[in-house]
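The values are calculated or read from the model by the stated rules, or taken from the named source; none is laboratory data. Keep in mind the model is a prediction, meaning the values are calculated, not measured. Glycine also receives a Cβ, built like all others from the backbone with ideal geometry; neighbour counts cover every protein chain displayed.
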Amino acid sequence: MKTAHSVGVAVAALAVVAGAGTAQADVQGGPQPHGGSQVRSGAALRGVTAPQESAPKAVTVKAATGPYKILKTLKYSGPGNMPLRNGYYKVRNGKQSGFGWTKIKKKHAITKYGAIEFITKGPNRKHQGGKSYKQWAYAGKFVNGRLVKQYRVLVSVQESIKHSGRDHKPKGVITAYCEGITRCPAWVSVTLAKQNQGIAPQTAPQGGTFRASYASLPKSIPAAPARAAVANDTVSYHGSYRSLR
C-alpha cells in the first residue's frame, strides 16, 4: 500500500510540474516543442539585422535658365501663379518667332511687369484651346473729361508644363500687345502698372487723365480738378496777414 501511495504522489507531482510548464509556455506566446530549440532560435534571431527601408529619393527641380528663366511670378486668376519668362524674339527671312518678356518688350513695347500682372490677375479669361488662355484689360486717355483713346491690351498665357524647361511650372506668358497696333504707346504700360499698384488715375501734363479698367472705359468722366498753383512742383505760393520769413 505504501508503494502504491508513493507512486500516486509522484504521478501527481509530475502532473503539477507539467501544468506549470504549459502555463509558462502560454504566457510566452504558445508552447515550444523543444526548449533547446527555443534557445537556439532566439540566439539566431539576435544575430540577424532586419533590412531597413530606403528613404524615397527627392526629386530635384532645377531653375530654368536662358529663355526659360523666370523673371517674375505673376498673380493669376486661373490655378496657381503665372510665370513671366525671359523668352526670346527673332526675325529671320521675314518670319517672326518668340515668346515671353523679350518678345513683349521688343516687339510690342510693353515695359512694365506690373502691366502684365494687372491683366493676368483680372477676371477676363477666355479658353483658347488646350491649356492656352487669353486675358485682357483696357487702358484709356481722357482729355477734358472725354475719352480720346482706348486700347484693349491682351495677354496670352500657357498653363501647360510640357515645354517649360526643367522647373515643372507652366510655360507662362506667351505674349502681350495692344489690339490693333504692333507697339503700344508708353502711357499704356505706365497706366496698367500703376493701376496694378492701386495708384489713383494719373493726370497728364496737358490736363488729360489716364485710366485702366477690366471693362471698356466710359466715353466721358468728370473733369479733373484744377491743381493748386505750383511752379515746377518745387516752389509754392503762400499768403499771410503777417510778413513772411
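Assorted remarks:
- In the range 99-134, of all residues being without any contact (Cβ under 8 Å) to a residue 60 or more places away in the chain and in contact with a Pro (Cβ under 9 Å, 6 or more places away or on another chain), the one that is surrounded by the most Cβ atoms within 10 Å (Cβ to Cβ) corresponds to Thr102.
- Test result for Tyr138, among the hydroxyl-bearing types (Ser, Thr, Tyr), over 27 Å from the mean Cα position of the chain (by Cα), within 21 Å of Ile221 (Cβ to Cβ) and surrounded by 15 or more Cβ atoms within 10 Å (Cβ to Cβ): no
- Pairs with Cβ under 6 Å, 6+ apart, first in the range 216-229 and within 25 Å of Gln150 (Cβ to Cβ), second of a type outside the set (D, E, K, R) and modelled with pLDDT of 95 or more: Ser216/Tyr138; Leu217/Tyr138; Leu217/Gly140; Leu217/Leu147; Leu217/Gln150; Lys219/Leu147; Ile221/Phe142
- Some residue of the range 188-202 being in a strand (DSSP E or B) and either closer than 27 Å to Pro218 by Cβ or out of contact with any Lys or Arg (no Cβ under 6 Å at 6 or more places or on another chain) (or both): yes
- The residues of the range 62-82 that are of a type in the set (A, V, I, L, M) and modelled with pLDDT of 95 or more, listed by number, are Ile70, Leu71, Leu74, Met82.
- Total residues in the range 80-119 satisfying the condition of being among the β-branched types (Val, Ile, Thr) and part of a helix (DSSP H, G or I): the figure is 4.
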